[in-house]
Every structure is written in C-alpha cells, then in structure tokens.
Amino acid sequence: MSLGRRAFIVFQYVLPKHAVTALIYALARSRPLAQFLIGGFSKLYTIDFAEAAEPDPRGYATFNEFFTRALRPGARPLPTSPRAIASPCDGTVSERGSIDGERLLQARLKAKSHWYTLGELLGDDPQAADFAGGEFATIYLAPYNYHRVHAPLTARLVSIAYVPGALFSVNRATAESVPKLFARNERVVCRFESDSGPFALVFVGALNVGSVGIVGFGDLTPTRPRKARRIAVPEAAQPFTRGAELGRFNMGSTVIVLWPRGRCRWAAAFQPGARVRMGEAIGEIEGPR
C-alpha cells in the first residue's frame, strides 16, 4: 500500500465521520450556497444535463435537489424481456458473483481478499440465510452518477431495516483496505418478494452521505439515536414495478443486491469494473416465475 493511501485510510479512522457528514448534509440544503456549489461541482465532474428532467442548473433550489435530480421521461428504456433484471442504479460494478455459503467478496487483493457475511451485512435479519449460496452484486455510485435507485424487478417491499454503523468512504481504496467495510457502515436494508421469490437491496451509507430516502417512507437517515430499528411496511402496500423509483442517496454511496440460490444469472458483460446505467439488463431470473 502506498504511503498516500495508508494516510488516507488512517485519517478516516480518526475523522469524526458523522460530524463531517452532518456538516455536508447542512451545506447541501443551503439555498444561498446552491448555485456556487452546483456550478463548481458541474465543472469538476463535467455534468451532462441532457438526461435531467430539469436541464437548467439554475432550476435547483439546493445542491441536494441538483444531486438527486430526476431523469427526463424515456431517458432510460427498460429491457423488453420480462425475465431481465434491470440495473437498480448508475455506477461501477465493484464485485459480483456467487455468495460462498454466507460469505460475500468485498475486494480481490493479491495477498488476501476481504470478505464479510450475510449476517454481518443484514444485521439481525432472521431470514438472512435465504441468500446463502445465492448471488450478489455490489455497485458503487460515484459523485457524478445519477443517484436515484430503482426496482430491478416488479416486487413488493416487505421489510425495511436501519442498521447503524460508521461512515467510511466506499471507494476502491477503502474497499481494499477497511475490513468488512459494507457491513460496518450505516445502511438501510430493503427486502422484497417477487413472482420469482425474495431478493434484497441494501443502501450502504458512506462519508458525506447525509441521508438515505425510501419512497413512501421519507429519509431514514440520519436518525437519533443511532440504534438498529425496523420500519413497519403495510401489508397492503402496492408493489413497485420494474424501473420504479425505490429511493435515493442524498450524496453518493453503494448498492448491494442479493438473490437466493438458483434465481439469478448475471449477464456476461456485468463484470467487476463495468459501468452500468439504471434500467439496462444486468442479468436474468432463472427458475419458475
């Protein structure tokens, strides 16, 4: 590990991450600073507004409105096959593959790869073993990506859990250096039931991620006190259709998708390092529907 990377990791261990994130949360919602922040960010990351529902940067009242901007209708066509799994978000594939028993791969290293378990990721979920031996995908959302998250299949939301934790950055450097990164960061776990069985989608918080919002339930983070809790989901809740918005990151982070054994076959191009766009086919459902 280079000296610079080592310093970056050590700095994150001592940084008051929740306090820094709270400051970013406030700045992102400041109206007086909105155009200054939006202008600087847009130049730094060369933001393309062509797909945005609001193409004028001056049309956003706060930086957070800009950061979580909606897409214009028709910007992301969905797959035609009813068995196709649609990418839930924009981003880069960090890892994907089979769950080794209850172990998920965090990062591939030359000497020793980092792993974490389903139980560590999902908290006290009594049904975590449903995904043992199944499939997983980890997608990293960079600051320049579209930051809303959508349903990969038509499914009914059956449970939401908030799991408290740290707020390390979730870029490649920390994924390769911080053990059990995704299982130690704050996260929101959403479990779904579809015609082809259950799946789960995990919103992993990170440094500067001021909040995670779920459609119909509002912002679930930040919260005080930071204690594990379950959010009641009405049994009569309508299903989310494939491609419907599920939630959003108010600042960027990572999404992890989990499937049971024998229910998912990833597309050949859906490999670590690949860039994906919300709505494109990243795999296919296997077995009965």
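The numbers here are math on the coordinates, done by the rules we state, and not lab data. Since the structure is predicted, the reported quantities are computational estimates derived from the model, not experimental observations. Here the Cβ positions follow ideal geometry from the backbone for every residue, glycine too, while neighbour counts run over all protein chains shown.
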With runs of 4+ DSSP H residues as the only contributors, calculate the mean residue ellipticity of the chain at 222 nm using -39,500 (n - 2.57) per run, divided by the residue total and rounded to the nearest 500. -5000 deg cm²/dmol
Of the listed values [x] 7, 32, 40, 18, 2, 0; [y] 6, 29, 38, 22, 5, 0; [z] 6, 24, 29, 25, 12, 4, 0, identify the label whose number matches P(r) over Cα pairs in 10 Å bins from 0, in percent calculated from this model. [y]
Give me T174, T80, T254, T241 ranked fewest to most by other Cβ atoms within 10 Å of their Cβ, as a rough exposure proxy. T80, T241, T174, T254
Assuming 0.36 nm per residue, please report the length gained on full extension of the stretch K227 to E193 beyond their Cα-Cα distance. 9.6 nm
In the range 182-289, the GluC sites (Glu not before Pro) that sit in a DSSP loop and have at most 10 other Cβ atoms within 10 Å of their own Cβ are E235
For the range 77-285, what relative contact order do you get, as a whole percent, if you take Cα pairs closer than 8 Å and at least 6 residues apart? 33
If the chain between A244 and T154 were fully stretched, how many nm would it gain, using 0.36 nm times the residue separation less the Cα-Cα distance? 31.6 nm
What does the charge count near R187 come to, summing +1 for each Lys or Arg and -1 for each Asp or Glu among other residues with Cβ under 15 Å from its Cβ? +4
Protection proxy ranking of 25-31, 83-89 - average other beta-carbon atoms within 10 Å, highest first: 83-89, 25-31
If you stretched the chain out fully between R72 and E286, how much longer would it get, using 0.36 nm times the residue separation minus the C-alpha to C-alpha distance? 73.9 nm
Which aspartates and glutamates, if any, have their Cα less than 18 Å from the Cα of K43, not counting same-chain residues under 8 positions apart? E51, E54, D56, E65
